[in-house]
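First the structure, in the form of structure tokens, and then the observations on it.
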Amino acid sequence: MRYLILSDIHANLDALEAVLHDAGDAWDRPLVLGDLAGYGADPNGVIDRVRALDPLAIIRGNHDKAACGLDDRSQFNQVARTAAEWTAGQLTPANCDYLRALPAGPIVVDETVEICHGAPFDEDHYIFDGLDAQRAIEMLTRPVGLFGHTHLPVVFTLAKRELAATIPEDGREPIALAGGVTYLVNPGSVGQPRDGDPRAAYGVLDTGARVLELRRVAYPIEQAQRKIQAAGLPPVLANRLALGR
Ligand code: ZN
């Protein structure tokens, strides 16, 4: 199976469309790691598009919970809270119900892959450092664990109890998955990258060929920014898209 891996789309339809165009027919089914909504100006457009893609597995993110009333937003900063309130006012009843029904991670997808939003031990936890990565990777029940939430692409590996981290470089060198190694992978964010590269990030995982690709693609950032400004969302949400921060 060839999976299209989408995480942290954040209501950025322009970025999602660029990813789908770039990915072409290189995939069979999508896996979606949460945070469809929040920050961007197209929550309904993104949710409709994702629903039409018929993901094989999809889980909720913290912004999805906040947008549909499953979370009181007390953990959010002012900008995130403002965006969540705006999003809640925009969601169609059907899309609100869809977000409410999304399961929490982790979810086992098949014999090779499991997915979570933040960490396998806590859907809202950020995996930034080796300590958290070690704890998370040791909890995996499959050779490949996919996560999001930090918006930072990274590949952690565990082999013979040694943890290593690799930041994917530009270009599209596929990663051949080795036997006896466990992988904990963040594909980066489709709609709000934070690693200094403003291009949309996504992944393709071929479980048959045992190959993982982490990809970047440019999208019309100004278009997404204009929509955020026109919606009256906090200007920082438009500005940061150009910085990839
Ligand atoms: Zn996110």
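The values are calculated or read from the model by the stated rules, or taken from the named source; none is laboratory data. All figures in this text were calculated on a predicted structure; none of them were measured in a lab. A quick note on method: Cβ atoms are made from the backbone with ideal geometry, for glycine too, and the neighbour counts reach across all protein chains shown.
Assorted remarks:
- Test for A11: is it more than 13 Å from the chain's Cα centre (by Cα) and either surrounded by fewer than 20 Cβ atoms within 10 Å (Cβ to Cβ) or modelled with pLDDT of 95 or more (or both): no
- Within this structure, F128 fails the test of being modelled with pLDDT of 95 or more and in contact with a Leu (Cβ under 6 Å, 6 or more places away or on another chain).
- Search result, residues across segment 27-77 that are away from the ligand (no atom under 16 Å from the Cβ), more than 15 Å from V190 (Cα to Cα) and at pLDDT 95 or above: W27, D28, R29, N44, D48, R51, A52, L53, D54, P55, L56, A57
- Taken together, Q225, Q229 contain a single residue that is over 30 Å from R29 (Cα atoms), modelled with pLDDT of 95 or more and not acidic (D, E), which is Q229.
- Subset of segment 149-186 that is outside any strand (DSSP E or B) and small (G, A, S) - its residue that is surrounded by the most Cβ atoms within 10 Å (Cβ to Cβ): A178
- Residues satisfying the stated conditions in segment 196-234, i.e. assigned to a loop (DSSP other than H, G, I, E, B) and either within 17 Å of the chain's Cα centre (by Cα) or among the β-branched types (V, I, T) (or both): G196, D197, P198, R199, T207, A218, Y219
- For the residues L36, L16, L20, the requirement of being under 15 Å from the mean Cα position of the chain (by Cα), assigned to a loop (DSSP other than H, G, I, E, B) and of a type in the set (A, V, I, L, M, F, W, C) singles out L36.
- Residue pairs whose Cβ atoms lie under 6 Å apart, separated by 6 or more positions or on different chains, with the first residue in segment 52-81 and at positive phi and assigned to a loop (DSSP other than H, G, I, E, B) and the second of a type outside the set (V, I, T) and within 13 Å of the ligand (Cβ to nearest atom), are R73/A66; R73/A84.
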